[in-house]
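Before any comments, here is the structure.
The values are calculated or read from the model by the stated rules, or taken from the named source; none is laboratory data. These numbers were taken from a predicted model, which means no experiment stands behind them. Counting neighbours? That spans all protein chains shown, and the Cβs are built from the backbone with ideal geometry, glycine included. Accessible surface areas use protein heavy atoms only, side chains included; no ligands, DNA or RNA. Shrake-Rupley method; radii C 1.70, N 1.55, O 1.52, S 1.80 Å.
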Amino acid sequence: MPKDVIIACDFSSEDETMNFLEKFGDERPYVKIGMELFYGTGPDMVRKLKARGHSVFLDLKLHDIPNTVGRAMAVISTLGVDMCNVHAAGAKAMMSAAAAEAKGLVIGVTQLTSTSEKVMREEILIEKPLKETVIQYALNCKEAGLKGVVCSPLEAEEVHRACGYDFLTVTPGIRLEGDAKGDQKRVTTPAMARELGSDYIVVGRSITAAADPLAAYERCRKEFLG
Ligand code: C5P
C-alpha cells in the first residue's frame, strides 16, 4: 500500500507556492492543491506542478447533481491529477458519475475534520454518532466505485475494517507535537496516524507555517513512514 505525506499548499498565488516549494531543493513532495490555490491560479497551476515532477491531489470537494459532477470530473481528468475528491454527502449516484469520468484516484470526503459531533447534531441535524456516519459514507463511496476516503486518522482503522485494507484512508487533521490546532477539531500527530493505519497524511500548517518547512516535512515523513 502506498504511504506518503501530502503537503496542503494552501496559498493564494503561484509565486507564494513556488517560493515555498523552492525550499525543498530537488525534493518533489506530493502536494495538495485546494480551493484557495485553484481559485487563485486556475488549472495551469496543476499542469505546472505536474511538469515539475510533483504528484498532485486536487482537493476541490465536488458536490452537485450527478450530471454536473460527472462533467466537471471529465475536465479534471484532462489535467492528469493523481488524486481528486467529491463530498460523500452528495450520495452514491453523484459519486458513481464522478468515478465513471475519473482517470486518477477519486476519493470521498466523509465528515470534515473540523466538524464535531455537536455541530453534526445541532446544525446539520445528523443524530447518528460521528463514527457511524463516517463508516456509512465510506461504504457508500466504495459501492459507488471510489478508491478511498478523506477521514480523520481516528477513523482509519474502522474504515479499513469495513471497506478493506486496500481502500485508501487519506487523513488531514495532522499536527506536529506542540503546534496549534487552529480550526481543526480531531487532530493527531504523524506518528499516531501511522499507528492508526492511515495511508496518506495531509499536512498543511504544521509544514507551511513552520519556521523551517523542509525540516517539518522531514519530521512528518520520519514519524509517519518510519
Ligand atoms: O493546515 P491544516 O493541516 O489543518 O490543513 C488541512 C488541509 O486538509 C486543508 O487544506 C483542508 O482543506 C484539508 N481538509 C481537511 N479536512 C477534510 C478534508 C480536507 O482539513 N476532511
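Some observations on this one:
- For residue 56, the solvent-accessible surface with a 1.4 Å probe is about 0 Å², rounded to the nearest 10.
- Kirkwood-type radius of the range 4-225, with distances r between different C-alpha atoms, in Å: 17.6
- Of the chymotrypsin sites (Phe, Trp or Tyr not before Pro) in the range 157-226, the ones in a loop by DSSP (not H, G, I, E or B) with at most 13 other beta carbons within 10 Å are 165.
- For q = 0.11, 0.23, 0.24 Å⁻¹, Debye-computed log10 I/I(0) when each Cα of the range 119-226 counts as one equal scatterer: -0.38, -1.18, -1.23
- Taking 24 Å as the limit for the C-alpha separation, the pairs 92/131; 118/222; 50/181 exceed it in the case of 118/222; 50/181.
- Within the chain, helix-based [θ] at 222 nm, where runs of 4 or more DSSP H residues each add -39,500 (n - 2.57), nearest 500: -13000 deg cm²/dmol
- Each of the peptides 98-110, 17-29 was scored by the mean count of other Cβ atoms within 10 Å over its residues; in descending order, highest first, they stand as 98-110, 17-29.
- Length gained on full extension, residue 100 to residue 51: 15.1 nm, using 0.36 nm per residue less the C-alpha separation.
- Normalised contact order of the chain, rounded percent, pairs of Cα under 8 Å and 6 or more residues apart: 20
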